[in-house]
Every structure is written in C-alpha cells, then in structure tokens.
1. Work the Kirkwood hydrodynamic radius out for the chain: mean of 1/r over every pair of different alpha-carbon atoms, inverted, in Å.
2. Quick one: check the C-alpha center-to-center distance for the stretch 1-55 versus the stretch 76-97, whole angstrom.
3. So, how do all the Cα-to-Cα distances of the stretch 1-65 break down into 5 Å bins, in percent, from 0 on up?
4. Using the heavy atoms of the protein chains alone and a 1.4 angstrom probe, what is the accessible area of the stretch 1-128 per residue in square angstrom?
5. Given the peptides 129-137, 57-65, arrange them by the average over their residues of other C-beta atoms within 10 Å, most packed first.
6. What share of the DSSP beta bridges in the chain is antiparallel, in percent to the nearest 5?
7. Given N residues in the stretch 130-189, what is its alpha carbon radius of gyration divided by 2.2 N^0.38 Å?
8. Along the charge dipole of the stretch 110-154, Cβ charges K/R +1 and D/E -1, which of L114, S141, L128 sits furthest on the positive end?
Amino acid sequence: MPSGEGVEAIFAPLANGEAYLKRLAPIYDMLDPEDFKGDSVPGYFNGKSTSVSEDELRGYGEQLITGMKQLMEEHADVEGTAEAASYLAGVHQIVILPREEIGQYREKYDPILLHEILFEIVSEHKNLDEPVQILSEAYYSIACDYWISYYLQWHRFDLPGDPLAPYFELYRLGYNLVFSGSNLYIWKL
C-alpha cells in the first residue's frame, strides 16, 4: 500500500517543498489498507468515509460555489469569467444523491466553462520552468482530476484564497460533484 514513506525526499529540493508535502500528506492518510490487498489495487487514490451529514456536504458545496465565484470575479480580465461567475450565482440548490441516481444529471452536465476558465486562470499563473512542473502529471494521476491537481499545487500559482479546498474535502471523504442546470449535485463514490 502506498504509505507516503520517503515522499518528503521528492519535495526537499523544491522551493516551498514543505507546502507541497503538507497538501499531499492527507492523500496517504485517507487510503484504506484493505483496498491494497489481493490481486488488484485501485488505479487512483480514492477517499472514503463512514458517515458525513448532508449539512456538512452542503456546507462544502456552498464554500466551493462561493470560492469559485470570488476567483472568477477577481480575474474578470480573463475571457469567460463574468459568464462563469454569473452561472455560479445562479446555482440555487445543492442536492445530495445516491450513487445510482447521478447518471441522469451527469448527462445534463453543462458548465464546461467552469473547467475551461479555471484552466485558463491557473495556466496564466503557472511557470513552466519551475522544477515542480515535472510533477504536474503525477498530481493529475492521483485522482484523474485536474481540480485535485490544482488544489495540491495552489500555492504555486500565487492566487488568492483557497477555492478548491472544499472540493478536496469532498474528494477526501469519498464524494464527487457535478454542476448541472441551477443545481450542484453531490454523491458518494
């Protein structure tokens, strides 16, 4: 099982290496040793939890919407941010669904714009010559999720706030989300 033992050596030579390590450590803490026994192992690191209240899940959803909206407003110079902020302002309900019901909403998923704009903002603040750039694909491969990758490297981009922290907390707890219409849907993986 991946334990994170020795991973600090990867970050030691990097500027702000301790900050990268601090963000990465919870990934190892959330792993279940039972998932790594037997002939097959997970392809990605998946979070798990036994019990999370719907109020707590909704709280993370509200924090994510607020943080992302603020980020979009702070970067009004990037094309599409006004539209993305307007979309987020129109998200009126956070719905907690059982896993088997999410399919119908994922098919109606519409704000690709959020992903594209976040990519643009991060890209404008990324120095491709930094040594940590070599780890970008590894960060993505943790969960096959760009937003998790961005969260783990957030301080690198020198952007305000921490808008993806609630997204990471949902992931750590074993939940995912999708924006669809005027709703944010959250479900257990």
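The values are calculated or read from the model by the stated rules, or taken from the named source; none is laboratory data. Everything quoted here is computed from the prediction, not taken from an experiment. FYI the Cβ positions are ideal-geometry reconstructions off the backbone, even for glycines, and counts take in every protein chain you see. Accessible surface is based on the protein model in full, side chains and every heavy atom, while ligands, DNA and RNA are left aside. Shrake-Rupley method; radii C 1.70, N 1.55, O 1.52, S 1.80 Å.
1. 17.7
2. 30
3. 3, 14, 17, 15, 18, 16, 12, 5, 0
4. On a per-residue basis, 63 Å².
5. Result, highest mean first: 57-65, 129-137.
6. Percent antiparallel among DSSP bridges in the chain is about 55.
7. The stretch 130-189 yields a ratio of 1.24.
8. S141
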